[in-house]
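Visitor: First the structure, then my questions, so here it is.
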Amino acid sequence: MSENRGRCTNTHLGCTCKGNQAIHEERAQQIDEARTQSAEGVECPECGGPTTPLSIVTWGNCRACRTAQSRQTHPLRW
Ligand SMILES: [Zn+2]
Ligand SMILES: [Zn+2]
C-alpha cells in the first residue's frame, strides 16, 4: 500500500500533499502535534469560540465556522 499517490490518508485532515512526501510528512507532524495537544482548548481565530487544536490545523477554524463556510463556498480550498 505504498503506492497511494494523490489519495493520501490525511486528505480529510487538510493534507495538501497529493503524493508529495515532504509536504505530507510536514502535515502529518502538524496533525500529530495537534492531536497530542487536543486536551487543551484553543480559540477559533475566526469566531473566538472554543475549539480543538486539531480543528485549527485541519481547517484553520472551528467546526462551526467550517460548517458555515462549506455551505457558502466549496470545501475544497486546500
Ligand atoms: Zn498527505
Ligand atoms: Zn469559529
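The values are calculated or read from the model by the stated rules, or taken from the named source; none is laboratory data. As the structure is a prediction and not an experimental result, all values here were calculated from the model. Every residue, glycine as well, gets a Cβ built from its backbone with ideal geometry; the counts of neighbours run over all protein chains shown.
Visitor: Within segment 45-60, which residues are surrounded by fewer than 15 Cβ atoms within 10 Å (Cβ to Cβ), part of a loop (DSSP other than H, G, I, E, B) and not small (Gly, Ala, Ser)? Can you show your working first?
Guide: Here is the first cut: in segment 45-60, the ones surrounded by fewer than 15 Cβ atoms within 10 Å (Cβ to Cβ) are 45, 47-50.
Pick out the ones that are also part of a loop (DSSP other than H, G, I, E, B) and you get 45, 47-49.
Selection gives Pro45, Cys47.
Visitor: Of the residues that sit in segment 61-78 and are outside any loop (DSSP other than H, G, I, E, B) and of a type in the set (Lys, Arg), which one is modelled with the lowest pLDDT? Full working, then the answer.
Guide: Here is the first cut: in segment 61-78, the ones outside any loop (DSSP other than H, G, I, E, B) are 63-72.
Retained after the next criterion (residues that are of a type in the set (Lys, Arg)): 63, 66, 71.
Values: Arg63: 91, Arg66: 90, Arg71: 80.
Restricting to residues being outside any loop (DSSP other than H, G, I, E, B) and of a type in the set (Lys, Arg), the top hit is Arg71.
Visitor: Still on this structure, I have one more. Which residue pairs have Cβ atoms closer than 6 Å, lie 6 or more positions apart in sequence or on different chains, and pair a first residue in segment 15-44 that is under 17 Å from Asn61 (Cα atoms) and in a loop (DSSP other than H, G, I, E, B) with a second residue that is among the charged types (D, E, K, R) and at pLDDT 90 or above?
Guide: Listed by first residue and then by second, the contacts come to Cys15/Arg27.
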